[in-house]
Amino acid sequence: MGAEHSKRKDLKNISDAEQTKFVETFLKATNNKEKMTKEQFLVTYPVIGEFAVHCYYRLVKLEPSGLLRAKTFLRIIDGGLGHFETLAPALITCFGDTKEQIMRNVVKIFCEANKFTREDQVRLYEYFNEENTKPVDEMEHFFSTCPLFPHAAQFIFQRLLDRPGEAKMPVLSEKSQLMGNVDQLVLNCHLPFDRRKEWTLLYASVKHGHSFSQLVKAINGQGPVFIVMRSMRGRRFGFFASEGFLAGPLYRGTAECFLFQLAPKIATYSATGRTDNYAYLNYQQQQHPNGIGIGGHSNVWPFFIHEDFGGGLCQKNSSAFEPCWLAEEEEFKIKTLEAWRPGDKPAKSFEEQLLEASSPERSIIDKDPEARAVLEMAGKSFSSEAYREAAPMLDEK
């Protein structure tokens, strides 16, 4: 009894029930024998796919008899479900001696288990390869800088244990014309945890028309927002606004904002913390930029869309974010654009958010008539001598 208890303590990430079920499955496959052959392994653990034969031979290197035992495999899976320092050797044991072998095998198994396409596999591998500059013996450092990879790896170990495994894919309210599986997966893993389950389409130019006013109506006061677009040159890129937008010449958001590129490659660029100038939405003012942007000012922006909605600005290596050049041209033209809200809609209405952002000493009408005009545009009416109806937006003339 003492020996059994000692063995159980070695499995830190596997429950008693999971261990019992694993052993039962193992023994059923081996006709109640303690050791498993290659052929039995292939049938019992199909999640490993084409690499199953190689994986089996790598595992039996640990066995003097040359056949795999349940407790050996359980110990490896337990390490794969643990922290980075145990996940790394578990991956090396199962999937390869070089980081390229490990990444390629993990990506293939993960993508096939989630029914991703061959193109998805290629793009996910390229993303990991760009992120991973560490040798295989420093893999845990790669895990820290690219948390999506250890998730994909642990997904496989979860499936070997017959846990469902979570792909971390968001549930979209509608199909995106600009983001595929890997795009959604990468972006979702960079969001705050409470924003990862469901994404709601707020605006799509193919559905709502090329209209700045429609975009403003769709995103104003709607909470955190993704803006993603395709330029006429075929580049796909965008940004995440952590607190969304309230129209007016003020910046909103935190260092959770980030930029991203989806084509020709997938990459994300975090905020540097050197500025508080994050998400910006404004129109109809002479002394401030009119349009939607992030991390810039005046005519210097890493990403800015003009009020006329024809195109925008994209400067290289803004100080607000890690070095990047999203559009790969300083002035771009918009082909298609989408806006998505990840997570729930704000509990407070747009009007309440505006009032909360205003000074208690002055009416919001006096302080920010442009913001009040947005309410009027949305169908709200107010009686105030200080408010004068705003001119129509450019695309409403």
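Laboratory data are not the source of any read-out in this text; all were calculated from the coordinates shown. Since this is a predicted model, take the numbers as computed values, not measurements. Using ideal geometry, Cβ is built from the backbone for each residue, glycine included, and neighbour counts are taken over all protein chains shown.
Distant-in-sequence amide contacts of residue 301, defined by a placed amide H-H separation under 5 Å and a gap of 5 or more residues or a different chain, comprise 315. Remark: region 136-153, residue by residue, has Karplus-estimated 3J(HN,Hα) of 4, 7, 10, 4, 4, 6, 5, 4, 5, 8, 9, x, 5, 5, x, 4, 4, 5 Hz, where x stands for each Gly or Pro and the curve is 6.51 cos²θ - 1.76 cosθ + 1.60 at θ = phi - 60°. Here the Karplus relation 6.51 cos²θ - 1.76 cosθ + 1.60, evaluated at θ = phi - 60°, turns the backbone of region 101-107 into coupling constants of 4, 5, 4, 5, 5, 4, 4 Hz, with x for every Gly and Pro.
Sorted ascending by nearby beta carbons within 10 Å, beginning with the fewest, 280, 125 become 125, 280.
Each Lys and Arg Cβ is given +1 and each Asp and Glu Cβ -1; about its Cα centre, the chain then shows a dipole of about 1380 debye. A straight chain from residue 174 to residue 114 at 0.36 nm per residue would run longer than the Cα-Cα distance by 19.7 nm. The length gained on full extension between residue 297 and residue 53, counted as 0.36 nm times the residue separation minus their Cα-Cα distance, comes to 82.1 nm. Cβ-to-Cβ counts within 10 Å put 225, 47, 216, 206 in ascending order as 206, 47, 216, 225, the fewest first. Each label point was placed 7 Å from the Cα along the Cα-to-Cβ direction; for residue 122 and residue 232 their separation is 2.8 nm. Please give the length that would be gained between residue 263 and residue 15 if that part of the chain were fully extended, namely 0.36 nm times their separation in residues minus their C-alpha to C-alpha distance (nm, one decimal). That works out to 85.0 nm of additional length. From the coordinates of this entry, Cα Rg over 2.2 N^0.38 Å is computed, and it appears in (i) 1.36; (ii) 1.22; (iii) 0.92 under the label (ii). Within the set 35/71; 21/115; 12/99, which residue pairs have Cα atoms separated by over 21 Å? Cα-Cα > 21 Å for 21/115; 12/99; rest within.
Sequence-ordered 3J(HN,Hα) estimates for region 47-60 from the Karplus curve with 6.51, -1.76 and 1.60 and θ = phi - 60° stand at 4, 6, x, 4, 7, 4, 4, 5, 4, 4, 5, 5, 5, 6 Hz, glycine and proline given as x.
Put a dot 7 Å past the Cα of residue 162, heading toward its Cβ, do the same for residue 319, and the two dots end up 5.9 nm apart. Overall, region 2-160 carries a charge dipole of about 620 debye about its Cα centre when +1 sits on the Cβ of Lys and Arg and -1 on the Cβ of Asp and Glu, all other atoms neutral. For residue 321, the residues whose modelled amide H falls within less than 5 Å of its own, excluding neighbours fewer than 5 places apart on the same chain, are 272. Here is the list for region 9-87: GluC sites (Glu not before Pro) lying in DSSP coil, each with at most 15 other C-beta atoms within 10 angstrom of its C-beta, are 34.
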